[in-house]
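Structure, as structure tokens:
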């Protein structure tokens, strides 16, 4: 069997999902393909991009370096075995058309694709434990996200994931978005909100900065710090109010003046105050404005919302770097009506919205100008043109 899982384009929604906020997402027309056939014993996994075969058997995970793609596959195997028992032998081959560590969630696509193939191979959808916990694609997205963050889902026990204290945005986009559409979701739990069409005659151009946005090392620490600050703010709020809110969004929804209360809780701590401002701006201002603009066919207003998102990410959230800031500024200077960095940040990529007829020429010019200023990025930097594609599907 073969599963295709698209990459996820986070149009807007920087570090909002694990705090219960809004994201505006699209699946893209590139992704990860996972091909599974019967095996003789254990699980053998290979990649078309690299030589060799990994043997990922129960309790005998190989000694892999940090960030190696095999860790993501191992996390899937360990979690499925914990929740459903032994797995049938299989040979798995992975192929990808996504730029690695670009912010388009190649690692989560690998998790989703591997899990979907093994779920089908082992008939897990027919198990009582599955039926008791997973009945929709949204349920499935939440469950697959816990394979990375290590949390329990329903009665399906969690265990150590890959060390990312993140949410379920990536998995939701891959499983629940639709071709030609941008879709708003809120999280914790996942709720599908409004879908708006991609502006007619437009495409996204994605520029990969060449600075790896890996979920390891310093980038992982910075990502987890943003998550931890959101959690700390909620904990302080609960202590001050006697409430038991789970997320920033829950706290915000608790009363009409909750924002004033949260601001009072964060007062005197610049880190917490900035984290609150970044969340409120992105989730409560930027995304509603962007959706209204797209609904009205107002590309210029959409661009203004994206501009505010990027500026807030740089100046308040602090997850942008000189390379992504310059890519965003160059895109606007070259005439893109909208552009923003996206994903976890601390590296990664920037999207620009362009008329489809101009997209290829724009992409080449954008990359040339960027590399003139950042020549050391040349080995890893690239561009691609994409439109919202279909969700994960089996061939």
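The values are calculated or read from the model by the stated rules, or taken from the named source; none is laboratory data. If you're wondering where the values come from, they're calculated on a predicted model, not measured in any experiment. Neighbour counts are summed over all protein chains in view; Cβ atoms, including those assigned to glycine, are modelled from backbone coordinates with ideal geometry.
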Which one is farthest from residue 206 (Cα to Cα), of the residues in the range 68-99 that are part of a loop (DSSP other than H, G, I, E, B) and touching a residue at least 24 places away in the same chain (Cβ under 8 Å)?
-> 86
Lone qualifier among 36, 116, 64, 54 - being modelled with pLDDT of 95 or more and touching a helix residue (DSSP H, G or I) at 6+ places or on another chain (Cβ under 6 Å) | 36
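Modelled with pLDDT of 90 or more, at negative phi and assigned to a helix (DSSP H, G or I): which single residue out of 183, 172 fits that description?
Checking each option against the conditions leaves just 172.
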Test residue 109 against the stated conditions and say whether it is within 20 Å of the chain's Cα centre (by Cα), part of a strand (DSSP E or B) and within 21 Å of residue 145 (Cβ to Cβ).
-> no
From (1) buried (at least 23 other Cβ atoms within 10 Å of the Cβ); (2) outside any strand (DSSP E or B); (3) modelled with pLDDT of 90 or more, pick out the condition that doesn't hold for residue 102.
-> (3)
Within the range 71-89, the count of residues that are surrounded by 20 or more Cβ atoms within 10 Å (Cβ to Cβ) and under 24 Å from the mean Cα position of the chain (by Cα) comes to 9
Residue 195 meets each of (1) at pLDDT below 90; (2) not in a loop (DSSP other than H, G, I, E, B) with one exception, condition (1)
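Per-residue answers, yes or no, for (1) touching a residue at least 24 places away in the same chain (Cβ under 8 Å); (2) assigned by TED's automatic domain parsing to the domain that holds residue 350; (3) surrounded by fewer than 19 Cβ atoms within 10 Å (Cβ to Cβ):
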{"residue": "240", "(1), (2), (3)": "yes, yes, yes"}
{"residue": "252", "(1), (2), (3)": "yes, yes, no"}
{"residue": "259", "(1), (2), (3)": "no, yes, yes"}
{"residue": "263", "(1), (2), (3)": "no, yes, yes"}
{"residue": "283", "(1), (2), (3)": "yes, yes, no"}
{"residue": "287", "(1), (2), (3)": "yes, yes, no"}
Hey, residue 306 in the same structural domain as residue 224 (by TED's automatic domain parsing) and touching a strand residue (DSSP E or B) at 6+ places or on another chain (Cβ under 7 Å) or not = yes
Is the range 90-97 home to any residue that is surrounded by fewer than 18 Cβ atoms within 10 Å (Cβ to Cβ) and more than 27 Å from residue 346 (Cα to Cα)?
-> yes
Among the residues of the range 22-36, is there at least one that is surrounded by 14 or more Cβ atoms within 10 Å (Cβ to Cβ), on the phi < 0 side of the Ramachandran plot and in a loop (DSSP other than H, G, I, E, B)?
-> no
